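The values are calculated or read from the model by the stated rules, or taken from the named source; none is laboratory data. For clarity, every value in this text was computed on a predicted model and none was experimentally measured. Don't worry about glycine lacking a Cβ; one is built from the backbone with ideal geometry, like all the others, and counts go over all protein chains shown.
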């Protein structure tokens, strides 16, 4: 048996040396392995059933996606790789990504940042343990509370009364909460926000580490910060222990691609790997994984230029829209508090109340009359996300559309800003574990009768996907405050 084992190890080492996985920055191990698979003329008598584009193509899907998408959809195990312990294709790709962003370890997700949020929380917090979590988290984090069995202690973000938006968490507030809850085993924050505002992550990390606990950051909107010096510093650079980044949001990965990056020893690597395996599909898409691999190489080589160009386009758009009547822009003048520490100009957020419109109405008009789709709309704003893919031509189209919107509604009476509740007004008490609230017996009630009851589900507008009512929430009086809403004014 030992002789056979030594023989297998020797064979695996030889295959590793001959295999397609190179560990140089200019390599793309997964993409290189896909090309090598087809170059060898291999046939995989297994999944996927379409035989990686060698069989009869699904005509409709091929028309939409092109034949190369099917050609790249090779199974990872016994396809682009031999075994997990042989050519090390995916592990090498993840190692290269970690090196590019300054992490000790990076994991690839083909199930989006939602999966990585779940993994991060379950890796850091065990059932019944306390997690200090920013209240302005994405809905995936509130679902992770169910999966992990964690008991949340919410820390409120800074609230901007003028713009009616939540920023990041003030480090001093995090310090107070951690002093009140010495049993907490981790802290989790969400920065940058959907509007491109970052908290002081360096100080947040110092506070968490001062209590000997890890800081987890959902910085899904800030993965590009690792690749351009003109953007705010990345969460990893600021000392966060476990960071979630969406490759498709700011780089050029396909939809659903995300990375989870770890540094230091405050998160156990073995537990992280076990939890990741629990959540990961056994049939992860090689097409998606290879796009993460390619995005890393592209932005490691050219990110400063590509993202710098995106910033220049965003600044041009901002300058033009600032001249239009009835419109207002969120800019770096919003900074000043510890919860609003840094600003990403590629999130072009435009207030439209001066035109007598809600953001929802403005978004509908832009789509119906100009074919412009915005990333976000709310009760008073629209937000256009500018990326490396934008050009002077796309910028001009957005500028022209906003000018047409302003002209169409010129002379309109500015609408009063809706009196939406602040975070302090939305405050409720968490009375049971969110897991118990979700899995326990429930009943459906009219919302007017919900006061004094414990919520089993979330009330969550999307975007931005931040629950106004979380699971396990209790308030004796606030159902009407939370759930009442006026229809948009005509």
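Structure values in brief
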{"item": "Failed item in (1) at pLDDT below 95; (2) buried (at least 19 other Cβ atoms within 10 Å of the Cβ); (3) in a helix (DSSP H, G or I), with residue 448 passing the rest", "result": "(2)"}
{"item": "Filtered residue count, the range 252-276, keeping only those that are free of Cβ contacts under 8 Å to residues at least 60 places away in the same chain and surrounded by 20 or more Cβ atoms within 10 Å (Cβ to Cβ)", "result": "1"}
{"item": "Lone unmet requirement of (1) surrounded by fewer than 23 Cβ atoms within 10 Å (Cβ to Cβ); (2) within 27 Å of residue 27 (Cβ to Cβ); (3) modelled with pLDDT under 85 for residue 112", "result": "(3)"}
{"item": "Failed condition for residue 98, given (1) part of a loop (DSSP other than H, G, I, E, B); (2) at pLDDT 95 or above", "result": "(1)"}
{"item": "Residue under evaluation residue 131, criteria (1) within 30 Å of residue 74 (Cα to Cα); (2) touching a strand residue (DSSP E or B) at 6+ places or on another chain (Cβ under 9 Å); (3) not in a loop (DSSP other than H, G, I, E, B), criterion not met", "result": "(1)"}
{"item": "Search result, residues across the range 280-294 that are free of Cβ contacts under 8 Å to residues at least 60 places away in the same chain and either under 13 Å from residue 256 (Cα atoms) or touching a strand residue (DSSP E or B) at 6+ places or on another chain (Cβ under 9 Å) (or both)", "result": "291"}
{"item": "Where a residue in the range 427-445 is over 27 Å from residue 156 (Cα atoms) and its partner, wherever it lies, is buried (at least 16 other Cβ atoms within 10 Å of the Cβ), with Cβ under 6 Å and at least six apart", "result": "442/456"}
{"item": "Test set (1) buried (at least 20 other Cβ atoms within 10 Å of the Cβ); (2) under 18 Å from the mean Cα position of the chain (by Cα) - residue 139 fails condition number", "result": "(1)"}
{"item": "Residue among 476, 463 that is modelled with pLDDT under 85, under 21 Å from the mean Cα position of the chain (by Cα) and either surrounded by fewer than 17 Cβ atoms within 10 Å (Cβ to Cβ) or in a loop (DSSP other than H, G, I, E, B) (or both)", "result": "463"}
{"item": "Selection count, the range 413-428, where residues are more than 27 Å from the chain's Cα centre (by Cα), surrounded by 15 or more Cβ atoms within 10 Å (Cβ to Cβ) and at pLDDT 75 or above", "result": "1"}
{"item": "Which listed residue, of 456, 395, is crowded, with 16+ Cβ neighbours inside 10 Å and within 30 Å of residue 322 (Cα to Cα)", "result": "395"}
{"item": "Top-ranked residue of the range 295-330 - restricted to ones that are in contact with a strand residue (DSSP E or B) (Cβ under 7 Å, 6 or more places away or on another chain) and either modelled with pLDDT under 95 or outside any helix (DSSP H, G or I) (or both), ranked as surrounded by the most Cβ atoms within 10 Å (Cβ to Cβ)", "result": "330"}
